[in-house]
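Trainee: One structure follows; several queries about it will come next.
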Amino acid sequence: MPFSNMFNNKHMSKSDDTRLKITETALASFRERGYDQTTLRLIATEAGLSVGNAYYYFPTKNHLVQELYVRVQQEHRMMAEPLLVGITDLPTRLETVLMTGLDALRPYHDSAPGFLSAAIAPTSAVSPFGPDSAEPRQLAVGLFDEVVEGSTNPMPSALKSQLPELLWLAYMALALYWVYDTSPEQEKTRRLTKRAVKLFGMVLPLTRLPFVRGPLNEFLAIAQEARI
């Protein structure tokens, strides 16, 4: 059940209530203590539950990290969608979604290095590219699909079909830069985002030119081949 619906459901079951309590306690601990210092035992204690009860809902800490990923993506969508209404220019829509994505991540900046350390290994259960992260990844790619589908900018059909996933990959690269950004309010990341989107807007019309078609198709083929 999406968390926005859970908050608004006056008839939430006891099971949903317990799950939400664990989730809220865990997310607060992730923000305050970081990934390494947050344990299921600590979460159970702070939530006023037995350790066994916490393990019933979330067998490992990694399951809670996936819950965090989903929560951030849901909050991102809630922040971005109202701002996209009436905007049909693709670069403007993209900048809106990237900026609101940074806003959704902001509460976790101090603890982000711990998540990065845990996620960096290819076999990590909390890797954003791994099978366990399929739900939050689909939510993120789905939002970029809305960005593309809601635009009126003409582009080759092959590019349009792959663009949502390519934009998500660009967002992942931006998030990595954001983790290392120590400027106030991560202002350097925001400036980089604006400049990157401006460049994207300059390049996008060129993709329809006949002499660009060959290199573009090769680029898309490489991107498809490189999918994990």
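The values are calculated or read from the model by the stated rules, or taken from the named source; none is laboratory data. The model shown is predicted, which means the values in this text are computed figures rather than measured ones. When we count neighbours, we look across all protein chains shown, and the Cβ atoms used for this are built from the backbone with ideal geometry, even at glycine.
Trainee: Only one of K198, K188, K160 is within 24 Å of R77 (Cα to Cα), out of contact with any His (no Cβ under 8 Å at 6 or more places or on another chain) and either loosely packed, with under 13 Cβ neighbours inside 10 Å or of a type in the set (V, I, T) (or both); which?
Mentor: None of the other options fit; the residue is K198.
Trainee: For the range 21-55, enumerate the residues that are over 24 Å from the mean Cα position of the chain (by Cα) and among the aromatic types (F, W, Y).
Mentor: Y55
Trainee: Look at the range 110-156 and say how many of its residues are over 27 Å from L94 (Cβ atoms), without any contact (Cβ under 8 Å) to a residue 12 or more places away in the chain and not in a loop (DSSP other than H, G, I, E, B).
Mentor: 1
Trainee: Then there's this: For G201, indicate whether it is assigned to a helix (DSSP H, G or I), touching a helix residue (DSSP H, G or I) at 6+ places or on another chain (Cβ under 8 Å) and small (G, A, S).
Mentor: Numbers: assigned to a helix (DSSP H, G or I): yes; touching a helix residue (DSSP H, G or I) at 6+ places or on another chain (Cβ under 8 Å): yes; small (G, A, S): yes.
Considered against the rule, which asks whether it is assigned to a helix (DSSP H, G or I), touching a helix residue (DSSP H, G or I) at 6+ places or on another chain (Cβ under 8 Å) and small (G, A, S), G201 comes out as yes.
Trainee: Could you tell me whether any residue of the range 168-188 is of a type in the set (D, E), part of a helix (DSSP H, G or I) and at negative phi?
Mentor: First, pick out the residues of the range 168-188 that are of a type in the set (D, E): 181, 185, 187.
Next cut, part of a helix (DSSP H, G or I) only: 185, 187.
In the following step, the residues that additionally are at negative phi were identified as 187.
Within the range 168-188 (the criterion being of a type in the set (D, E), part of a helix (DSSP H, G or I) and at negative phi), the answer is yes, since at least one residue qualifies.
Trainee: Within the range 102-144, can you find the residues that are aliphatic (A, V, I, L, M) and at pLDDT 90 or above?
Mentor: Scanning the range 102-144 gives L102, A104, L105, A134, L139, A140, V141, L143.
A quick yes/no check of all residues on (1) farther than 23 Å from L68 by Cα; (2) touching an Asp or Glu at 6+ places or on another chain (Cβ under 6 Å):
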{"position": "V141", "(1), (2)": "no, yes"}
{"position": "A158", "(1), (2)": "yes, no"}
{"position": "Q162", "(1), (2)": "yes, no"}
{"position": "M172", "(1), (2)": "no, no"}
{"position": "E185", "(1), (2)": "no, no"}
{"position": "L192", "(1), (2)": "yes, no"}
{"position": "F211", "(1), (2)": "yes, no"}
{"position": "L216", "(1), (2)": "yes, no"}
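Trainee: Looking for whichever is under 22 Å from D181 (Cβ atoms) and of a type outside the set (S, T, Y) here; the options are L102, L159, L139. Which one fits?
Mentor: None of the other options fit; the residue is L102.
Trainee: Related question: State all residues of the range 84-99 that are under 11 Å from V147 (Cβ atoms) and part of a helix (DSSP H, G or I); if no residue qualifies, say none.
Mentor: Across the range 84-99, the qualifying residues are L84, L90, P91, T92, R93, L94, E95, T96, V97, L98.
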